[in-house]
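As structure tokens, the structure follows; a few thoughts come after it.
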Amino acid sequence: MTAINLPGLGPSPARRTALQRRIRLLVAATITYNVIEAAVAITAGTIASSAALIGFGLDSIVEVTSAAAVAWQFSAADHEKREHTALRVIAISFFALAAYVSFDAVRALLGTGEAQHSTPGLILAALSLVIMPVLSYAQRRAGRELGSASAVADSKQTLLCTYLSGVLLAGLALNSLFGWSWADPIAALVIAAVAVKEGREAWRGDACCAVPAATSLNAGNDTSGGCSDGCCSPATPQR
């Protein structure tokens, strides 16, 4: 017999179990990739004296911390009880990332160190620019349908890594082609500001649309959930 999500009831028990399993798998994939990413970025950054690459590698470690918090939450049968703690860990990881990126960007703008060309860094940034959006979208969609604020917040952490990948790729490319060493730290400061914003939202538990989609349809058919950033179109109820 096929389980159907009835309006106002959220996902069925079978669907919730499937969503929890999917989130655990996505988190495991995110952790695995970020561990590899951190090792490659820090090694390549050290060889090329690239603060941007080293910072990107440290960001990967922050990503692992965030994903591990969600994995810890969903390792319990009653994962909702761990939601608050997981959100706190994710928020702190955002703040730590913002602090380091800001420090590193200011240091680069002041002319400390001169990065060299790094082919491994360019390849890594390009791969992350492709892989991270896919992982982020999949986890955000599952988290929204399940109603997990921590899963949605962690998906934002992964999406932030996509932005950092773009910044890193542009910075390494511009430095290699034109010697524009200022481009990367300027963009990195913008990313740091975004990280602070996302950290504040995670701390407050304001992850966008972290409520079961079916439930949100009851509030006067208002599917926006009060959000305005485009992530709030309701997930299609699934069978």
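The values are calculated or read from the model by the stated rules, or taken from the named source; none is laboratory data. Given the structure is predicted, the values throughout are model-derived calculations rather than measurements. Cβ coordinates were reconstructed from backbone atoms using ideal geometry, including for glycine residues, and neighbour counts include every protein chain displayed. Ligands, DNA and RNA are stripped out before the accessible areas are found, and what is left, the full protein with its side chains, is counted by its heavy atoms. Shrake-Rupley method; radii C 1.70, N 1.55, O 1.52, S 1.80 Å.
Residue under question is Thr119, and the condition is that it be modelled with pLDDT of 85 or more, out of contact with any Pro (no Cβ under 7 Å at 6 or more places or on another chain), of a type in the set (Ser, Thr, Tyr) and surrounded by fewer than 16 Cβ atoms within 10 Å (Cβ to Cβ); does it hold? Before you say what the answer is, go through the steps one by one.
Values: modelled with pLDDT of 85 or more: yes; out of contact with any Pro (no Cβ under 7 Å at 6 or more places or on another chain): yes; of a type in the set (Ser, Thr, Tyr): yes; surrounded by fewer than 16 Cβ atoms within 10 Å (Cβ to Cβ): yes.
In short, yes.
Condition first: open to solvent by 40 Å² or more (accessible area, probe 1.4 Å), over 25 Å from Thr43 (Cβ atoms) and over 14 Å from the mean Cα position of the chain (by Cα). Can you find one or more residues in region 94-105 that meet it?
no
Collect the residues in region 177-192 that are assigned to a helix (DSSP H, G or I), open to solvent by 50 Å² or more (accessible area, probe 1.4 Å) and without any contact (Cβ under 8 Å) to a residue 60 or more places away in the chain, keeping them in residue-number order.
Step one: of region 177-192, the residues assigned to a helix (DSSP H, G or I) are 177, 183-192.
In the following step, the residues that additionally are open to solvent by 50 Å² or more (accessible area, probe 1.4 Å) were identified as 177, 186, 189-190.
Scanning region 177-192 gives Leu177, Val190.
Yes or no: Thr85 β-branched (Val, Ile, Thr), open to solvent by 10 Å² or more (accessible area, probe 1.4 Å) and either assigned to a helix (DSSP H, G or I) or touching a strand residue (DSSP E or B) at 6+ places or on another chain (Cβ under 7 Å) (or both)?
It is true that Thr85 is β-branched (Val, Ile, Thr), open to solvent by 10 Å² or more (accessible area, probe 1.4 Å) and either assigned to a helix (DSSP H, G or I) or touching a strand residue (DSSP E or B) at 6+ places or on another chain (Cβ under 7 Å) (or both).
So that you can scan it fast, the table gives a plain yes or no per residue for (1) outside any helix (DSSP H, G or I); (2) under 16 Å from Gly171 (Cβ atoms); (3) of a type in the set (Phe, Trp, Tyr):
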| position | (1), (2), (3) |
| --- | --- |
| Asn34 | no, no, no |
| Ala41 | no, yes, no |
| Gly45 | no, yes, no |
| Ala52 | no, yes, no |
| Phe56 | no, yes, yes |
| Asp59 | no, yes, no |
| Thr65 | no, no, no |
| Ala71 | no, no, no |
| Ser75 | yes, no, no |
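Let's see how each residue does on (1) over 15 Å from Cys161 (Cα atoms); (2) modelled with pLDDT of 90 or more; (3) open to solvent by 70 Å² or more (accessible area, probe 1.4 Å):
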residue	(1), (2), (3)
Gly8	yes, no, no
Pro11	yes, no, no
Glu37	no, yes, no
Thr43	yes, yes, yes
